[in-house]
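Some notes on the structure that comes next.
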Amino acid sequence: MRDKYKYIGPVYDFLSNLYSGKNIHRCKTAMLDVETVQPGDRILFAGVGHGRDAIRAAELGADVTVVDLSETMLRKFGEAQEKKAPHLAIRRIHSDIMKVEEFEQYDMVVANFFLNVFDEDMMVRVLEHLIRLGKADARVVVGDFCYPTGNIVARMFKKLYWYMAVFTFWLFANNAFHKIYNYPEHMQRLGLQVTEKKHFKLLNMDCYWSILGRKQA
């Protein structure tokens, strides 16, 4: 299968930091700390990309599995791990996430800036699949662009900011071109209890959020 991230993948982290002032990275690691990650927790990262968030979880003692369909992204993840934490053992799966069928095996499932590559119907199917990979009381984390709120100027800025990003990845990676998703609504509709949201600002406006949901056993 063609690697959609062959060209844009190598500069993904650079573009993210340039575009967000490192707020995307902060968003990705927002739910990964000593209170949410315990040594031995099994955590899966879907669409891991360069994977600094996955490395952070492994540093906290988690048993980490990363999945990515892009060979380029997995290679960049391997380079990042070799540079930052070569002593850590992190399992890598080169596959379509929908073909990973390790159901009810993970304490936490993380989808950071991953669900936005799909059109809305497919996004819901992928999110539902990720939820099934978690144990009965698993936590599901989604980090992404905020759903637009605020006054008309703020909403227009957030939409323009989003469409600049989605257009870039539509052009260079053939990702779906779509509106900003309201992830908490989708998570709740699929049976998760949303327990925490953390927001990250750009120009003093909330542009990113990390959402923690929990399966209800």
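Residues checked against (1) among the acidic types (Asp, Glu); (2) open to solvent by less than 90 Å² (accessible area, probe 1.4 Å); (3) within 20 Å of His25 (Cα to Cα):
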position: Met156; (1), (2), (3): no, no, no
position: Trp162; (1), (2), (3): no, yes, yes
position: Leu171; (1), (2), (3): no, no, no
position: Asn174; (1), (2), (3): no, no, no
position: His178; (1), (2), (3): no, yes, no
position: Ser210; (1), (2), (3): no, yes, yes
position: Lys215; (1), (2), (3): no, yes, no
Exercise. Applying the selection to the range 1-31, what residues are open to solvent by less than 20 Å² (accessible area, probe 1.4 Å) and in contact with a His (Cβ under 8 Å, 6 or more places away or on another chain)?
Worked result: Ser16
Exercise. Where in the range 32-114 are the strands (runs of 3 or more DSSP E), entirely inside, with at least 3 residues that are more than 19 Å from Lys6 (Cα to Cα)?
Worked result: 42-46, 63-68, 106-112
For this session: Please identify the pairs in which a residue from the range 119-138 that is under 16 Å from Pro184 (Cα atoms) and of a type in the set (A, V, I, L, M, F, W, C) has its Cβ atom under 8 Å from the Cβ atom of a residue that is open to solvent by less than 20 Å² (accessible area, probe 1.4 Å) and assigned to a loop (DSSP other than H, G, I, E, B), counting only partners at least 6 apart or on another chain.
Result: Met123/Tyr181
Exercise. Can you find even one residue in the range 32-53 that is in contact (Cβ under 8 Å) with a residue 24 or more places away in the chain, on the phi > 0 side of the Ramachandran plot, of a type outside the set (S, T, N, Q) and open to solvent by 30 Å² or more (accessible area, probe 1.4 Å)?
Worked result: no
Seminar exercise, completed: Here the residues within the range 162-189 that are closer than 22 Å to Leu69 by Cβ and not in a helix (DSSP H, G or I) are Asn174, Asn175, Ala176, Phe177, His178, Tyr181
For this session: Give me a count of the residues in the range 71-88 that are over 13 Å from Phe45 (Cβ atoms) and buried (at least 20 other Cβ atoms within 10 Å of the Cβ).
Result: 1
Seminar exercise, completed: Note on the range 115-161: residues in a strand (DSSP E or B) and either aromatic (Phe, Trp, Tyr) or within 21 Å of Lys99 (Cβ to Cβ) (or both) are Gly134, Lys135, Ala138, Val140, Val142, Phe145
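The values are calculated or read from the model by the stated rules, or taken from the named source; none is laboratory data. Since we're looking at a predicted model, the values are computed, not measured. FYI the Cβ positions are ideal-geometry reconstructions off the backbone, even for glycines, and counts take in every protein chain you see. Protein only, heavy atoms only, side chains kept; ligands, DNA and RNA dropped before computing areas. Shrake-Rupley method; radii C 1.70, N 1.55, O 1.52, S 1.80 Å.
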